[in-house]
Structures are given as C-alpha cells and as structure tokens.
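Scroll down for the structure; my scribbles are underneath it.
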Amino acid sequence: MTITITAIARSPDRGEGLARDMPVRWALEEAGLPYAVRLVPFAAMKQPAHLALNPFGQIPTYEEGNVALFESGAIVLHIAQRHGGLLPDDMAARARAITWMFAALTTVEPPIFDLDMLGHTDGDRPWYRDRLAILQDRVRNRLGVLTQRLGVSDWLEGDFNAGDLMMVAALRRLKGSGIEDEFPVLAAYVARGEARPAFVRAFEAQRAAFIASNGANAPL
Ligand code: GTB
C-alpha cells in the first residue's frame with residue numbers, strides 16, 4: 001500500500017527541516033518505508049480536498065489505503081506502532097517512549113515555539129524585552145530538566161526511539177536562538193539525532209523538494 005504524506009510547497013523554513021513533515025519523513029526513513037510526498041501550496045491547504053484530510057488545513061497528512069491521519073505526533077506514533085525500530089517491544093519501555101513523544105510535543109516544544117514566534121510577531125512591541133526574558137527562562141527550565149534526564153546517556157530511554165525522534169525535532173527549533181549553546185549535552189543529543197542516516201535521508205529529501213519547487217535562492 002503506497003504511503004503518501006503532504007508537505008508545504010513553499011516552506012517558510014527554506015528547507016531547513018523545521019516544518020512538521022520532517023519528523024514524519026524521519027520516522028518513515030527509520031522504519032524503512034517508501035513514501036510519496038504531495039507538496040501543497042498554502043492556499044490549497046484551505047480547500048475542501050485538503051480539509052478532508054486535515055480539518056485545520058495544515059500539513060503534514062498521511063494516507064495509506066483507508067487510513068488518513070493528521071498531526072505529526074499521531075502519524076509518527078502510527079508508523080512506530082506498525083513497524084519495527086521506533087518503539088521497544090517491552091510494554092513498560094514502550095509506554096515510556098510514548099510518554100517522551102508527548103513530553104516533546106506538549107511540554108518541551110510549546111515554550112520553544114512561543115520563544116521562536118515572539119521575535120516574528122512582537123519584536124517591535126515596548127514589552128518585547130521583558131517578555132523575551134520570561135520565555136527564555138521557561139525554555140531554559142525545560143532544557144535544564146532534559147539535560148539532567150539525559151545525563152551521560154545517548155538517548156532518553158535506552159535505545160533511540162520515537163520519543164527521541166520527536167524530542168530532537170522539537171529541540172531543533174532552538175537553532176539560532178543562542179540558547180542551544182548554553183546546553184552542550186542537548187546540543188550533542190541533537191547532533192546525534194541529526195547524524196542518523198534516516199535523519200540525513202529525510203532532511204535531504206525535504207531540502208531537495210524545497211529547491212525543486214522554489215530554487216535555492218528563491219524569495220519567499
Ligand atoms: N500540530 C500540528 C502537527 O504537529 O502536525 C501542527 C502542524 C503545523 O503547524 N503545520 C504547519 C501548517 O500547515 C506547517 S509546519 N501551517 C499552515 C497553517 O496553519 O495555515 C509549520 C512550521 C513551519 C516553519 C517552521 N520553522 O521555520 O521553524 C516551523 C514550523
């Protein structure tokens with residue numbers, strides 16, 4: 001059964017692998033599953049054909065036979081549950097790995113997202129600097145806990161699993177914030193994730209898709 005996912009035709013990250021199709025591509029590569037990608041322009045995301053796949057009009061989506069999914073975390077979990085290599089077999093360890101997926105999406109990424117957005121939306125506001133300091137401290141708090149948790153381990157729970165995949169994807173959004181340099185343990189963790197052959201294949205595929213549809217220097 002062919003797997004088809006969607007990604008943005010003109011991704012604002014310019015092919016840096018920060019859009020939400022990246023964790024899905026990475027999971028598919030880790031699982032060794034071939035997949036097709038349909039690039040969707042922003043306007044088409046709000047049309048009935050795409051809204052039938054994702055009612056919020058967003059990417060990524062996932063289609064395989066009669067399975068149609070949205071939400072990157074749900075898609076990665078679906079892939080991980082059906083194919084080897086992304087979740088431990090042991091029930092308790094599997095539950096812990098899934099817990100880290102949720103931690104990445106609901107505890108670690110939201111403050112990183114808020115910090116990232118602040119500069120884009122409110123950089124000219126009089127309260128910008130005060131708000132920036134608050135959001136940076138929230139992010140540092142989460143990164144401090146993660147640093148302690150990782151300690152000298154390579155991954156969060158034994159072998160690399162879908163929890164690490166979602167966590168590394170979330171932490172990658174710190175690039176350019178300057179904060180990642182304060183947490184060398186996490187910088188090394190992200191680098192380990194990015195060095196995985198499956199990550200490299202996924203990254204190159206999304207980068208190639210961006211260049212094919214925009215050109216390497218296309219204005220956005
Ligand atoms: N919770 C959903 C999921 O995880 O799947 C969120 C999906 C989402 O935000 N999708 C974005 C989208 O479709 C694209 S990735 N937006 C269109 C819309 O909402 O109308 C968002 C994205 C782009 C660029 C960066 N970046 O440069 O860091 C990060 C995230």
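The values are calculated or read from the model by the stated rules, or taken from the named source; none is laboratory data. Bear in mind the structure is a predicted one, so any value in this text is a computation, not a measurement. Cβ sites come from the backbone with ideal geometry, for glycine too, and all protein chains shown count toward neighbours. These accessible areas exclude ligands, DNA and RNA; they are computed on the full protein's heavy atoms, side chains included. Shrake-Rupley method; radii C 1.70, N 1.55, O 1.52, S 1.80 Å.
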- Task: Select from region 15-33 the residues that are part of a loop (DSSP other than H, G, I, E, B) and not hydrophobic (A, V, I, L, M, F, W, C) and write down the one among them that is most open to solvent (accessible area, probe 1.4 Å).
- Result: E16
- Note on the structure: Output for Cβ contacts, cut-off 8 Å, separation at least six or different chains, first residue without any contact (Cβ under 8 Å) to a residue 12 or more places away in the chain and over 17 Å from A49 (Cα atoms) in region 64-84, second more than 12 Å from the ligand (Cβ to nearest atom) and not in a helix (DSSP H, G or I), reads Q81/L87
- Task: Filter region 1-14 down to the residues that are surrounded by 16 or more Cβ atoms within 10 Å (Cβ to Cβ) and more than 10 Å from the ligand (Cβ to nearest atom), then identify the one that is farthest from A74 (Cα to Cα).
- Result: A9
- Please specify each residue of region 104-129 satisfying the condition of being under 27 Å from L186 (Cα atoms) and acidic (D, E). E109, D114, D116
- The number of residues in region 164-185 that are part of a helix (DSSP H, G or I) and within 16 Å of the ligand (Cβ to nearest atom) is 12
- Query: Tell me, which helices (runs of 4 or more DSSP H) wholly within region 34-139 include 1 or more residues that are within 11 Å of the ligand (Cβ to nearest atom) and under 20 Å from the mean Cα position of the chain (by Cα)?
  - Reply: 42-45, 72-82, 109-122
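Here's the yes/no breakdown for (1) part of a loop (DSSP other than H, G, I, E, B); (2) closer than 14 Å to E109 by Cβ:
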{"site": "L146", "(1), (2)": "no, yes"}
{"site": "S153", "(1), (2)": "yes, no"}
{"site": "F160", "(1), (2)": "yes, no"}
{"site": "A187", "(1), (2)": "no, no"}
{"site": "R192", "(1), (2)": "no, no"}
{"site": "F203", "(1), (2)": "no, no"}
{"site": "F210", "(1), (2)": "no, no"}
